[in-house]
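Worksheet: one structure, shown below.
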Amino acid sequence: MAEPFYDEIEIEDMTYDATLQIYHYPCPCGDRFEISLADLRDGEDVGVCPSCSLMIRVVFEAEDLPKEKEEDKEEVVEGEQMEVAKEVAVAA
């Protein structure tokens, strides 16, 4: 069964918040649809409104997304290393 989408929105029509790394678009309820850059990079294309049940399909090309900064990659690696260290400590 196909998911009921309110609309299909081109990513170019959405607003990007570089600090939060989230794309957003106005929702008819007064809030806004949101989808994170990480979700887009993972192949997700559904933006949701946190205030109502509406969803949009985001139309985009992966190569058009903002490039990952080297420091963002380092933070992810450091975070993963910390999680592994915690798991090792718990297992010991």
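The values are calculated or read from the model by the stated rules, or taken from the named source; none is laboratory data. Since the structure is predicted, the reported quantities are computational estimates derived from the model, not experimental observations. Heads up, the Cβs are rebuilt from the backbone with ideal geometry, glycines too, and the neighbour counts pull from every protein chain shown.
Does segment 1-23 hold any residues that are acidic (D, E) and part of a loop (DSSP other than H, G, I, E, B), and which are they? Quick ask: steps written out before the conclusion?
Our first condition is that a residue be acidic (D, E); within segment 1-23, this holds for 3, 7-8, 10, 12-13, 17.
Within segment 1-23, just E3 meets the criteria.
Here segment 1-23 is the region considered, the condition is being aromatic (F, W, Y) and within 16 Å of M55 (Cβ to Cβ), and the residue that is modelled with the highest pLDDT is Y23. Being at pLDDT below 90 and either aliphatic (A, V, I, L, M) or not in a helix (DSSP H, G or I) (or both) is the filter here; which residues of segment 42-75 pass it? Across segment 42-75, the qualifying residues are S53, A62, L65, P66, K67, E68, K69.
Is one or more of the residues making up segment 24-41 assigned to a loop (DSSP other than H, G, I, E, B), surrounded by 16 or more Cβ atoms within 10 Å (Cβ to Cβ), modelled with pLDDT of 95 or more and more than 13 Å from the chain's Cα centre (by Cα)? The answer is yes; a qualifying residue exists.
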